[in-house]
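Visitor: Here's a structure for you.
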Amino acid sequence: MSTAHKYGDHVDTDVIIPARYLASQDEKELASHCMEDIDSGFHSKVRNGDIIVAGLNFGCGSSREHAPVAIKASGISCVIAKSFARIFYRNAINIGLAILECPEAAEDISDGDKVSVNFDTGLITNETKGKTYQSEPFPEFIKNMIADGGLMASLKKKKNEKK
């Protein structure tokens, strides 16, 4: 069971990881500054496996891959939102960050709620409120890509399996 960290609509990549930290490629350094401009305590309160819940157009703004990297490196296991900016969506999948579009869950889940996600079925359960929400599960190849750690890790795994 994961703790939800709730944010609103149009959380852009400049808020997820401010531009002043983009010179770093160190994932731990990026994670330490994740969301700090809208939630200064984010880094200290997130635990491995927690989730972010957000509104419309999460990850809008610039196409920087640093944003999903910072989120994943902070310990977040999944982002649930009403909708995602398309390039953020692709970048998240490419680095192995699970994301689910589910407007009902994003609307109803509150900050601090305990939430579980079944990625095979797309079922999101708000344990705090005793409610469930249905998102569209990922196709098998995307689930495998996320489980492998992202696109590049998945391709390397497939290459090694052919040897």
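The values are calculated or read from the model by the stated rules, or taken from the named source; none is laboratory data. All values reported here derive from a predicted model rather than from experimental measurement. Cβ placement follows ideal geometry from the backbone for every residue including glycine, while neighbour counts extend to all protein chains displayed. Remember, those area values only see protein heavy atoms, side chains included, never the ligands or the DNA or RNA. Shrake-Rupley method; radii C 1.70, N 1.55, O 1.52, S 1.80 Å.
Visitor: Taking the stretch 1-11 only, how many residues are closer than 21 Å to Gly75 by Cβ and either at pLDDT below 95 or not aromatic (Phe, Trp, Tyr) (or both)?
Guide: Going through the stretch 1-11 one residue at a time, the tally reaches 7.
Visitor: Looking only at the stretch 129-152, count every residue that is assigned to a helix (DSSP H, G or I) and open to solvent by 40 Å² or more (accessible area, probe 1.4 Å) and tell me the total.
Guide: Of the residues in the stretch 129-152, 7 are assigned to a helix (DSSP H, G or I) and open to solvent by 40 Å² or more (accessible area, probe 1.4 Å).
Visitor: Working only within the stretch 43-58, note down all residues that are within 25 Å of Met1 (Cβ to Cβ) and within 14 Å of the chain's Cα centre (by Cα).
Guide: Matches in the stretch 43-58: Val46, Arg47, Asn48, Gly49, Asp50, Ile51, Ile52, Val53, Ala54, Gly55, Phe58.
Visitor: Next up: Could you grab me the full set of residues in the stretch 115-128 that are under 19 Å from the mean Cα position of the chain (by Cα), part of a loop (DSSP other than H, G, I, E, B) and surrounded by 11 or more Cβ atoms within 10 Å (Cβ to Cβ)?
Guide: Within the stretch 115-128, Phe119, Gly122 meet the criteria.
Visitor: Could I ask something else about it? List every residue pair whose Cβ atoms lie under 7 Å apart, where the two residues are 6 or more positions apart in sequence or sit on different chains, the first residue falls within the stretch 66-85 and is in a strand (DSSP E or B), and the second residue, located anywhere, is open to solvent by 30 Å² or more (accessible area, probe 1.4 Å).
Guide: Cys78/Val117; Ala81/Glu101; Phe84/Glu101
Visitor: Taking into account only those residues within the stretch 1-26 that are closer than 24 Å to Ser83 by Cβ, part of a helix (DSSP H, G or I) and of a type outside the set (A, V, I, L, M, F, W, C), which is most open to solvent (accessible area, probe 1.4 Å)?
Guide: Asp14
Visitor: Can Glu29 be described as in a helix (DSSP H, G or I) and charged (D, E, K, R)?
Guide: For Glu29, the condition - in a helix (DSSP H, G or I) and charged (D, E, K, R) - is met.
Visitor: Looking at Ala85, is it more than 23 Å from Ser116 (Cα to Cα), touching a strand residue (DSSP E or B) at 6+ places or on another chain (Cβ under 9 Å) and hydrophobic (A, V, I, L, M, F, W, C)?
Guide: It is true that Ala85 is more than 23 Å from Ser116 (Cα to Cα), touching a strand residue (DSSP E or B) at 6+ places or on another chain (Cβ under 9 Å) and hydrophobic (A, V, I, L, M, F, W, C).
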